[in-house]
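A short worksheet on the structure shown next.
Every number in this text was worked out from the coordinates using simple rules, so none of it is lab data. Computed from a prediction, not measured in an experiment: that's the story for all the values here. A quick note on method: Cβ atoms are made from the backbone with ideal geometry, for glycine too, and the neighbour counts reach across all protein chains shown.
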Amino acid sequence: MASSEERLREIFREVFNLGDGVDPSTCRQNETPQWDSLAHVSMVAALESEYGITVDTGDALELTSFDAVRRYLASARVE
C-alpha cells in the first residue's frame, strides 16, 4: 500500500501532467505552467476522491503548492 505522500505525488503527476524528471514536491501554483484554474479544480476533486474528504472552498484556495496540500492532508489526518 502506497503512503499518503506517494499517493499525493501520483495525483500531482497525473493532474499536472508532469514529466518523469519533475519532482512533484517542487510544484507551486505560480511556478507550474500547467497549474491553471481548471487543473486546480481537478486536483481538489482528485484529493477528495482519493482520500475520501471534502475540501471547503476557502481551504481549496489555500492549496497552492505540494507542501501546502501535504500540510492540509496532515491536518485533516488523512492516511
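The trypsin sites (Lys or Arg not before Pro) of the chain that DSSP puts in a loop, and whose beta carbon has at most 13 other beta carbons within 10 Å, are 77.
The amide H of residue 65, built 1.01 Å from its N in the peptide plane, has 29 as neighbours under 5 Å, considering only residues 5 or more places off or on other chains.
Report the charge-dipole magnitude of the chain in Debye, nearest 20, computed about the Cα centre from +1 at each Lys and Arg Cβ and -1 at each Asp and Glu Cβ.
In total the dipole reaches around 100 debye.
Computed from phi, the 3J(HN,Hα) profile of region 16-21 under the Karplus parametrisation 6.51, -1.76, 1.60 (θ = phi - 60°) reads 9, 6, 7, x, 4, x Hz, with x in place of Gly and Pro. For the chain, the mean residue ellipticity at 222 nm estimated from helices alone is -16500 deg cm²/dmol, where every DSSP H run of n ≥ 4 contributes -39500 (n - 2.57) and the total is divided by all residues, rounded to the nearest 500.
Calculated from the alpha-carbon coordinates, the chain shows an Rg and a Dmax of 11.5, 32 Å respectively.
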